[in-house]
Amino acid sequence: MKEKKETKNKWITKDLVRTYLPILALVFVVALFAALSGGTTLKMTNIKQIMLQSCTYIVAGLGIIFTMSLGNMDMSLDGIVCLGGCLGLLAAESLGSWVVIPVIFLVTILCEMAIGSLNILLGINSVIVSFAVSFFGKGVAGYIIGSRTKSLSLPGSLSFLYNRSLYFAVTIVAIIVLSILFHYTKLGKRAMAIGSNASAAKASGIHVVKYKLLAYLVAGVMMGLAVTLVVLRAGSAGATSGSGFHVTVLLMMVIGGASLTGGTKEKVYSVVVGVLLFLCLENGLTVLGVDPNMIGLIEGIIFLGSVTLTFDRDGVPYIL
Amino acid sequence: GCGNNKDSEAADSQTKDGGAGTVSESGSGEEDSKAADSDISIGVVIWSTDDGLGADSKTALDAVAEDLNVSLVYRTGSYDAESQTTDYENLLAAGVDGILCCVINDTSTDDLLKICEEAGIPMQIFFRNIMDEDAYNYCMASDLFAGYICEDEGGAGVDMVDELLASGCTTFGLLNREAGNGVIDRRQAGVMEYLDEKGLTYYVSTSSNTATATDMVDATDQLLAAHSDINGLICSSGSNGAIDAIITDLQGSDIKITSFDTPVDIPGSFEAGNLVMLTTGAQIDPVYALINLYCKITGKAKSDTPAEYGSNYIYMKSAEDAATYEQYFSEFNTYTAEEVQGLVEMDLDSFVAEMGNYSLEMVAEKMK
Amino acid sequence: MEGKVVLKVEGLNKSFGPTKAVVDMHLEIHPGEIHGLIGENGSGKSTVTSMIAGCLKPDSGVMIMNGKRHEPKSMLEGRASGICMLLQEKGTINHLTISENIYLGEENQFSKGGIVNRRRMNQAARKVLESIDLGHVEPSHLIDELSFEDRKLVEAGMAMKEDPKILIVDETTTALSQKGREVLYRIMSQMKEKEKSVIFISHDLDELKQVCDRVTVMRDGAYITTLSGEEITVDAMRHHMIGRDFSDGYYRVDYEDNYDHDTVMLEVDHVNLGKALKDVSLQLHKGEILGIGGLTDCGMHDLCKVIYGLVKPDSGEVRLPQKEITIRNSTQAAENGMGYVPKDRELEGLMMAASIRDNINLMSMDKVKKGFLITSGSTRKLAEEQVDMLRIKIGGLELPVSSLSGGNKQKVSIAKCMANDVQIFIMDCPTRGIDIGVKAAIYCLLEQFKAQGRAILMISEELPELLGMADNLLIMKDGEITAHIRRSPEVSEHDVIVKMI
Amino acid sequence: MSKKIAYKAKNILIAVAIPLILYIVLLLAAPQAMGDTQIFGILRQAMLPAILAWGVAFACKLGLWHFAAGANVITGIILGAGIANRLGGGNALIAISIILMCTLIGLLCGLIYVWIKVPSIISTVGCMLILESVSALAWGGGGVSVDKSYGIFNGNVVVIACTVICCLIAYFVYSRTKYGFNLKAVASDIKVAEQQGIDVRKVKVISFVLVGLFSGFYGVLTLGRSFVQNPTTNMGSMDMVFNAIMCFFVAAAIEKRINLIAGVFIGAVTVQLIKFGIVAIGISGQFNNAAVAIALLVFCAISSESGPMLKLRSKLRVSFDRSRA
Ligand SMILES: Nc1ncnc2c1ncn2[C@@H]1O[C@H](COP(=O)(O)OP(=O)(O)OP(=O)(O)O)[C@@H](O)[C@H]1O
Ligand SMILES: Nc1ncnc2c1ncn2[C@@H]1O[C@H](COP(=O)(O)OP(=O)(O)OP(=O)(O)O)[C@@H](O)[C@H]1O
Ligand SMILES: [Mg+2]
Ligand SMILES: [Mg+2]
């Protein structure tokens, strides 16, 4: 009995260390840049700015973690942002400013649900489907924009929505709601179970198709929110909107410790930590005035370094 | 300065130190003992500093920045409005005193300006005018908007069509880029409007924005294969080697080419026989923009309202033009340090006149 | 023969984190013998043999083979020194052809200048297939086309073509039908004739008694004793394994009709499914243990899946008369009190990388949730209850299930259903690969369930347990129910086997 | 025997169905634009992307995401051609230098991946960032340019010869060597493959090296077209990878019917056909991406063996039979 207790403790510490490593990395990066820049990066305005920047990514990441926990990587975000933004603003132009938000949500939900249902229907890897949806979104958006002479912009009557407090409030509510949804309800637990072993989940009476689609629905809703935040912030949308968004979000999540293969080890906080880590890095490098050509080098090395330290190699014996 | 290569290294390291100093000082508001203008830093938001035009612009900007004793902080790689917003925020955190920006999305110009207004620093855009009416009105009414500079893209497009017509072309092929890049959009629109106006036949091939040289040549081949009657080609962009590739690809055919971007070996390209016109020299645009912004930052603004300038394209139509260009534009330091100071001191009218003077001949004259 | 030793293992130790899997193990293998290795689940058999074969590295201890130190760094080195192992788990690779599988890692044999000659490889593979009675199979086809059993046999063929000095057979027979077993026994006796040795791991004591020359017993990772010749009796083996005498009461002792004949819990009505099931009908009553027996491919495993809604039948239906429900999918089945313990627990039953707690809670989310929240406190409580109740041997609730031994994995698989208060159990080979200690525990549980009025459908390939436990026994053959046997002390195994074949 | 041939023919027909249908549609829609020269042009244009895609396919097959493949090409060209230029190199030297440099970079990416043991998607994105930076910093920035005489690498003969060589290398490596067998084994079941004594790490590293090698060939040929190679930064090289991955996806979708290497070429041809068709018919080129995406999904749909698709197909067949009857 005593031995059992001991072994338990051992495991807790090991896991705890891994859990907190991304946070440690975040603290380290913040401290490093604070020291190098003589405290500039720690100024309140700068911190607020980083938090503001983080909102869109966190909200998007919170949605994607659901599909990721299914073991389905999503490479479609750039296309969805592009298409959602463009169609939303297009609709606003002809139907009135408030239409933009419902249209964006409609587009993003349709896109994500399309990925989910094609994934189920065709039985092919979600990455392929999401690639296709991304290409499709970009193509259609480009087509729309290309045939116009005037670029798309946010109706002035909505620009009041772009303010810090609203962004923070939305993001914090999203984090809380999604954490509960992900860690403390059937929806999240079952999505993770499907990611761990879909046939076991099915044999345990989990309606795999339904919960997969629900996970994609959540992703769609959160992407809708994220695209809305992007559009409000950018004030416009165009054929290049969202470029690189998918890779950035994925990188952020993995740096924060999310598992690419899904399953029960997925954690919501890895989204938050990863996003902040990434943005602090970018912000810090800019503040230090590093040559943009060097930034890639430094970022690359730091990515590799931090992921090497924090990546959980336990659950995945063979790393993809 | 042509001759101050040695000094430049020293100055370089100095500006870097100065830059870092600025960051902490402007933030903490400490009193500063250096010369007033030694620690001005300006953020430059540009698509990239690696492709042909981007790299030339950076070279030209760095040369002038050195003369002005300004440090530049570049942000590259943002291809949408959201990322440019982030760039602005990060530059402000870095404590820049002004931002020079090539806006990606026309309609977001006013939103970007608002960020600067919040921080109380001026902003200047280059390679762009503002087409969106609301954005234009907002910017023009702002105290912190230094102005915009752009080439007459549409006009250049018209000239290209005319040049092709003069060399006997009847049917046109347009190698366009995906919509989204304001300046390229404008070129394309200018060309197409003019072609429509004249009732000429033309076919369009559109490549993605990150098209490589190979993609662009393939696009050319496809366009020509699909429409064998094309005999005039207009390339709206291709500074990543694409234009070189297209010129080589078409060598020997009787298809005439005009391009907005320059190949590496310009005289050689003209000698190859197909090229009839190039527009170039645009790297001066950010230089004028920088000077204008610098004046605004140092309180010597050239005008009370935002300045609207047009900068000249340099047209090249023969190998001789090209040789002249090669000879005098190798370093892109069109103006000496004294001349830069002169430009700073100039009043608005002379500055505009100076910009209007900018041409192949003028540079050749100066360089002699 | 005496005195000569091919392989000697001395003082072998191995731990996985906190788990001490093997402690000071001792083993001697003679040439030309079939050496049985037995022990309860998790007693370290697979670990010992894995170390011998080179898949695992011992923490300490020596292995001596033919007088030389035996320290294989990989299975390849192990193979090179003449030791081949048939794994407990799957050992072939889907999407490759049979010949590619057989010569995996040895393609150079057939290559000239780096280019592999497929034709020669297929020819060689055909010979290997003939040696395991699979001569009719085309080696250039994908291995996916073979049944699980045949794939296991291909593995045996793969091992034999190496002409090993020692062949390790780790619970391979559990996956095989009688026919497959015969092939394997023949291979083993061939080894014996050639003065080579076999290490044979199985939980089937009768099988061990028949096949083995000597049997080594392990308990808790340690060496207990080695029995030879006449000493090998089922009782002796049982005694040494458990560490105490095993009383009777292994199976049920009662023979009276003690279930509720009037309450039908589950009704299968004229179900057809391709070639696997032909017009199958049955009724499962409250408190009844209904056994289904037959050969592996008789369709009984497919029947489980149909009943639980995992596979849609071509025609016919599965009903729950008490709830007036027709089963359409597994979700509906689970919601209406059914539970399914699949045959292949690693692939279908468990989330291997997930924690024990998560696995146990998998089916019971509706039960543990408060409002719409599932708190970690309630999930832990449920998991702890089940671990205590089924006496699952674990190192901690948060450890992944993959760290457990086979038997304990099976217990987790059952605990998962138990946690959800399942009323109708569909158990597909519930004691597959499980030692007698756990087996007895599971039988005990079944009796308990029965007493509580739950209904149990038990599919099994082992006749004794069916006869010992079932109230009613259905025998299937080629997708049809061919016989119905009522519980009575008179029925003998022989009578049943006749009906199966 | 004839049955076997018929079976094979049917498979091949299904595999090339999409490009074939596209071709026929184009022939009907724009007959003037579908002459022999155009067909040759399309095939020739498919060659370069196919070369890169063959390389990337080796990584993709293993389930590795090689996002650094584009950066591998660009940095390989810049460093390789740069070194050769500084050695006063002729065209052959430049080509060899590029191939060697690309292969070396591939090897480094592979080693980094196995050393740090993080998912390839991360390690290669890291590598990509570093490589792009190196490409921008190398030789003081600005990339490299080569002499016009290097244009021989754009000649039809050279391009076709290179493609054939690459195709043969890819085919033999994938289908006929020990490495190819091991690759497929690791791709299907890494755990068992390891137990069978296959050095999984080596297989993975070699796949990265192969990506590097094919990047090298691709680089040599593209440089022959453009004579200059500018550096790319900010993940700009990723588009190249996505296009190559697209070809692999197509190939993977029809792998059961036709060899992966041939499938990659079919994928490349399909993409070119779509691009060509869009120009020929006169739809806006913006629609390229969307059309490619749809084609990919169609490929996946016809080869899919998922339950719902099989059911759908059998239903279609039944109704087809009925309508005939
Ligand atoms: N993988 C693990 N191995 C060992 N101990 C663990 C592990 N995970 C959690 N624990 C420990 O178990 C105890 C209970 O944790 P708890 O169940 O509350 O985790 P939790 O993260 O809140 O659960 P959940 O994520 O399901 O909400 C804690 O002391 C925790 O540190
Ligand atoms: N890879 C592993 N990681 C952690 N623990 C392990 C691992 N493999 C085995 N163990 C532990 O070592 C012990 C012995 O396992 P082993 O598989 O050898 O048992 P076994 O006798 O074969 O049991 P069974 O008959 O159930 O298969 C078990 O307690 C198991 O938990
Ligand atoms: Mg075992
Ligand atoms: Mg075991």
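Between the listed residues D:254, D:174, D:220, the Cα displaced farthest toward the positive end of the dipole of segment D:46-324, a dipole computed from Cβ unit charges relative to the Cα centre, is found at D:254.
Residue ranges A:209-219, B:314-324 sort as A:209-219, B:314-324 when ordered by packing (mean number of other C-beta atoms within 10 Å per residue, highest first). When only the Cβ of Lys, Arg, Asp and Glu is charged (+1, +1, -1, -1), the dipole of the protein assembly as shown relative to its Cα centre reaches about 6200 debye.
Calculated mean residue ellipticity, 222 nm, chain B: -15500 deg cm²/dmol, from DSSP H runs (n ≥ 4) at -39500 (n - 2.57) each, averaged per residue and rounded to 500. Partner shielding of B:200-206 amounts to 4, given as the average count of beta-carbon atoms from other chains within 10 Å of each residue beta-carbon. Using Cβ point charges alone (K and R +1, D and E -1), the dipole size of segment A:173-320 about the Cα centre works out to roughly 820 debye.
Here segment A:253-300 is treated as an ellipsoid with the same Cα gyration tensor; its semi-axes, largest first and in whole Å, are 28, 11, 4.
Applying 0.36 nm per residue to the separation of residue C:4 and residue C:206 and subtracting their alpha-carbon distance, the gain on full extension is 70.0 nm.
If you take the Cα centroid of segment B:166-184 and the Cα centroid of segment D:44-83, the two points sit 30 Å apart.
More than 23 Å apart: what percent of Cα pairs in segment C:210-300 qualify? Each step should come with its number before you reach the end.
Details: 2361 of 4095 pairs.
Pairs farther apart than 23 Å: 58 percent.
Across peptide B:104-117, the mean count of Cβ atoms from other chains lying within 10 Å of each residue's own Cβ comes to 5. Here the protein assembly as shown is treated as a sphere whose radius is the Kirkwood value from Cα pairs; by Stokes-Einstein at 4 °C and 1.567 mPa s it diffuses with a coefficient of 36 µm²/s. Against the longest principal axis of chain D, how steep is helix D:288-303, in degrees 0 to 90 to the nearest 10, with axes from Cα atoms? Here the helix axis deviates by roughly 50 degrees. Computed over chain D, relative contact order equals 31 percent, with contacts defined as Cα pairs under 8 Å that lie 6+ residues apart.
When each full DSSP H helix of chain A is screened for a Cα extent of at least 30 Å along its own axis and an average Kyte-Doolittle hydropathy of at least -0.5, the helices passing are A:2-36, A:44-69, A:100-122, A:208-234. Selection among B:278, B:291, B:305 by position relative to the dipole of segment B:254-328 gives B:305 as farthest towards the positive end (Cβ unit charges, Cα centre).
The average projected area of segment C:407-495, computed from the convex hull of its Cα atoms over all directions, is 6.4 nm². Projecting the Cα atoms of D:306, C:436, C:424 onto the dipole axis of the protein assembly as shown, where Lys and Arg carry +1 and Asp and Glu carry -1 at the beta carbon, places C:436 farthest toward the positive end.
Max-minus-min Cα coordinates of segment B:274-366 on each principal axis give 48, 25, 17 Å, with the largest extent listed first. For the pair segment A:141-177 and segment B:297-368, the centres of their Cα atoms are 40 angstrom apart. Kirkwood radius for segment A:28-156, taken over all pairs of different Cα atoms as the inverse mean of 1/r, rounds to 17.0 Å. Averaging Cα coordinates gives a centre for segment B:186-264 and one for segment C:95-133; these two points are 55 Å apart.
Of the peptides D:252-262, C:313-323, the ranking by mean beta-carbon count within 10 Å, highest at the top, reads D:252-262, C:313-323.
Exceedance of the 19 Å cut-off in Cα-Cα distance is limited, within the set D:117/D:204; C:14/D:117; C:127/D:8; A:210/D:315, to C:14/D:117; C:127/D:8; A:210/D:315. Dimensions of chain B based on its C-alpha atoms, expressed as ranges along the principal axes with the largest first, amount to 70, 46, 37 Å.
In this simple spin-label model, placing a label point 7 Å from the Cα along the Cα-to-Cβ direction at both residue C:484 and residue C:24 gives a separation of 5.9 nm. Considering segment B:266-311 at the alpha-carbon level, its Rg and Dmax are found to be 17.3, 51 Å. Beyond 35 Å, how much of the Cα-Cα pair distribution for chain A remains, as a whole percent? Tail fraction, whole percent: 23. Each peptide in B:160-169, A:138-147 receives the mean, over its residues, of other Cβ atoms within 10 Å, and ordering these scores from highest gives A:138-147, B:160-169.
log10 I(q)/I(0), Debye, Cα-only segment C:349-422, no solvent, q = 0.19, 0.20, 0.21, 0.25 Å⁻¹? With no solvent term, the Cα-only Debye profile gives -0.66, -0.73, -0.80, -1.13. Extents of segment C:133-181, taken as max minus min of Cα coordinates on every principal axis and listed largest first, are 30, 23, 16 Å. The dipole here belongs to chain C: it is taken about the Cα centre, uses +1 on the Cβ of Lys and Arg and -1 on the Cβ of Asp and Glu, and is about 1640 debye.
Grab the DSSP H runs of chain D that are 4 residues or longer, score each as -39,500 (n - 2.57), total them, divide by all residues and round the 222 nm result to the nearest 500 deg cm²/dmol.
Counting only the DSSP helices, I get -25500 deg cm²/dmol.
Mind running the shape call on segment C:7-242? Use the C-alpha gyration tensor, a ≥ b ≥ c as the square roots of the eigenvalues: rounded below 1.5 for a/c, prolate if a/b tops b/c, oblate otherwise. Numbers along the way, then the final one.
On the way: a/c = 1.99, a/b = 1.53, b/c = 1.30.
Verdict is prolate for segment C:7-242.
If a/c stays under 1.5 just call it rounded; otherwise compare a/b with b/c (prolate if a/b is bigger, oblate if not). Do that for chain D, with a ≥ b ≥ c from the square roots of the Cα gyration tensor eigenvalues. Present the calculation step by step, with values, prior to reporting the outcome.
Numbers: a/c = 1.99, a/b = 1.34, b/c = 1.49.
Because a/c hits 1.5 or more and a/b fails to exceed b/c, chain D counts as oblate.
Averaged across the residues of D:237-245, what count of C-beta atoms belonging to other chains lies within 10 Å of each residue's C-beta? Intermediate results must be reported in sequence, preceding the final value.
Values: counts 2, 5, 7, 4, 0, 5, 3, 0, 4.
Taking the mean over all residues of the peptide, I get 3.
Every number here is computed from the coordinates shown, using simple stated rules; none is lab data. These numbers were taken from a predicted model, which means no experiment stands behind them. We place every Cβ from the backbone using ideal geometry, glycine too, and count neighbours over all the protein chains shown.
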